[in-house]
Amino acid sequence: MKPESLMMSYGYKPELSEGAVKSPIFMTSTFVFKTAEEGKAFFEIAYGHREQGKTEELGLIYSRINNPNLEIFENRLCLWEGAEDCCVFESGMAAISTVFWEFLRPDDLLLMSSPVYGGTDHFAKKVLPQFGIQIMEFGIHQSKEEIIEMVKKSGLENKLALIYTETPANPTNDLIDISLCKEVAKHFSKPDKEVFVAVDNTYMGPLWQHPLEHGADLVLYSATKYIGGHSDIIAGACLGKKNIMQRVRAMRTFLGNMASPHTGWLLLRSLETLKIRMDTQSANADKIAGYLNHHPKVEKVYYLGNKEHNSPQGRIKAKQCLSNGAMISFDVKGGEKEAFHFLNSLRLIKLAVSLGSTESLAEHPATMTHCDVDPAERQRLSITGKMVRLSVGVENYEDIIADISQALDKI
């Protein structure tokens with residue numbers, strides 16, 4: 001069956017829950033063992049004292065370690081990604097920071113693409129250095145050879161531990177070649193130290209791009225966005241191969257930043273309509289971008305559908321992306337004053353940060369989500385006062401366009 005069909009039932013046994021057609025919310029901190037021997041067996045596996053048997057199931061122990069609502073959601077999200085294992089977190093930043101804490105040590109080097117989400121940028125550049133972790137950035141115009149040479153010239157090639165990228169990038173929709181990142185990781189990997197590649201796939205959700213297929217070791221999400229998709233929860237997720245995810249899961253257990261059973265239950269609800277919502281959002285975005293491309297008060301549109309086929313960005317898109325997505329940034333003619341005038345004139349579209357939800361949202365990256373990014377860096381990346389970021393929802397596309405039209409007319 002296709003994943004959209006399995007979202008209704010996969011991983012859930014109604015007979016274990018009084019025949020309920022939907023999973024109940026398991027609001028419990030701990031679980032009863034049938035025997036002391038069973039409890040011993042569960043803990044041996046949970047703490048890695050022995051391998052799990054082929055037919056052996058890891059039983060429920062304690063909701064910081066596992067919970068039915070979280071496990072069912074994790075199993076279902078794996079179907080979309082083709083992943084072996086998944087961990088759900090209390091937020092996207094919890095997932096990202098847990099990966100950083102697990103795979104980076106003092107004196108290690110983190111190689112990171114630019115731009116990335118403002119929260120990630122802040123954590124990487126202002127928190128990690130306090131723990132002796134060094135940061136180096138690369139951009140969309142650098143080749144594999146140039147990135148390798150840059151790392152070598154820094155004298156830190158033996159310190160490289162993790163390559164982190166966000167593609168498409170927030171808010172510019174710049175694309176990073178995931179397979180190129182993996183080739184760089186292999187170049188610097190050693191028998192006793194593998195360099196891993198982690199990809200933030202939030203902008204594309206689990207439908208429109210599958211980083212694991214292109215060499216990524218870990219794929220990360222703010223599950224608040226398309227996966228949750230209703231602006232009523234905060235959550236994150238990390239997926240990958242089982243042996244790597246064991247490390248992520250162990251760190252999550254001791255940081256204690258897993259999602260709650262109620263959040264897991266709401267995520268299960270959202271997965272059932274994920275494809276329907278994302279298909280509608282993508283179709284709407286294509287029409288809205290077409291409108292913006294020809295508007296006299298719009299200077300530039302940052303949209304995957306605008307990538308030229310034979311350009312380097314167009315070739316990456318053709319290789320990695322299964323859709324143009326539903327995120328559009330655009331520059332109004334003028335500056336911050338004109339952008340604010342547009343945002344303050346919207347009626348249907350909500351002025352709020354976040355993305356990937358059923359309602360359309362608009363925000364001002366330079367002064368909101370990316371306000372903490374170095375001003376010179378923002379300018380270099382075209383995150384200026386005239387940029388507006390739009391997350392397209394599931395409303396009728398004609399109504400969304402009408403709202404954008406009347407707001408642009410007010411400038």
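Taken together, the values in this text are just the output of simple stated rules run on the coordinates, not laboratory data. Treat the numbers as computed from the prediction; the structure is a model and nothing was measured. Positions of Cβ are backbone-derived with ideal geometry, glycine not excepted, and every protein chain shown enters the neighbour counts.
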_With Cα atoms, 0 to 90° folded angle of helix 261-271 axis to the chain main axis_ = 60
*Stretched out fully, how many nm does the piece from His187 to Ile148 gain, at 0.36 nm a residue minus the Cα gap?*
13.2 nm
*In degrees, nearest 10, range 0 to 90: what is the angle between the Cα axis of helix 68-81 and the longest Cα principal axis of the chain?*
50
*When each of Lys242/Lys307; Lys40/Lys190; Lys54/Lys319; Lys242/Lys319 is checked by Cα-Cα distance, pairs over 28 Å*: Lys242/Lys307; Lys40/Lys190; Lys54/Lys319
*At Arg380 and Lys126, where each label point lies 7 Å from the Cα along Cα→Cβ, what is the point-to-point distance in nanometres?*
1.8
*Averaging sequence separations of C-alpha pairs under 8 Å and six or more residues apart, then dividing by the length of region 275-409, give the relative contact order as a whole percent.*
31
_Based on alpha-carbon centroids, what's the gap between region 345-387 and region 137-203 in Å, whole number please?_
26
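Ranked highest first by the average count of other Cβ atoms within 10 Å around their residues, in what order do 29-37, 163-171, 123-131 fall?
Highest mean packing first, the order is 163-171, 123-131, 29-37.
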_By average C-beta atoms within 10 angstrom, highest first, the peptides 235-241, 209-215_ = 235-241, 209-215
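Do any of Lys275/Lys317; Lys152/Lys386; Lys317/Lys337; Lys144/Lys241; Lys225/Lys337 go past 31 Å between their Cα atoms, and which?
As for pairs spanning more than 31 Å Cα to Cα, those are Lys152/Lys386; Lys317/Lys337.
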*Going highest first, how would you order 62-70, 333-341 by mean Cβ packing within 10 Å?*
62-70, 333-341
*Treat each spin label as a single point 7 Å out from the Cα along the C-beta direction, and report the Lys241 to Ser17 distance in nm.*
3.3
*Among the aspartates and glutamates, which fall within straight-line cross-link reach of Lys34, defined as a Cα-Cα distance under 17 Å, with same-chain neighbours fewer than 8 residues apart omitted?*
Glu44, Glu56, Glu57
*Just subtract the alpha-carbon distance of Tyr10 and Asn75 from 0.36 nm times their residue separation and send over the number in nm, one decimal.*
22.6 nm
*Under 12 Å Cα to Cα from Lys300, which aspartates and glutamates show up? Leave out anything in the same chain fewer than 8 places away.*
Asp331
*asked:* Would any residue of region 77-121 have its amide N under 17 Å from a label point 7 Å out along Cα→Cβ of Phe254? List them or say none.
replied: 97-106
_I need the calculated FRET efficiency for the pair His309 and Asp279, taking r as the beta carbon distance and R₀ as 22 Å, to the nearest 0.05._
0.40
*Helix 92-103 vs. the chain, principal-axis angle (Cα, 0 to 90°, nearest 10)*: 60
_Residue-count net charge about Arg252 - beta-carbon cut-off 14 Å; Lys, Arg +1, Asp, Glu -1_ = -2
*Over what distance in Å are the Cα centres of region 287-303 and region 1-68 separated?*
49
_Give me the extension gain from Glu359 to Ser29: residue separation times 0.36 nm, minus the current Cα-Cα distance, reported in nm with one decimal._
115.4 nm
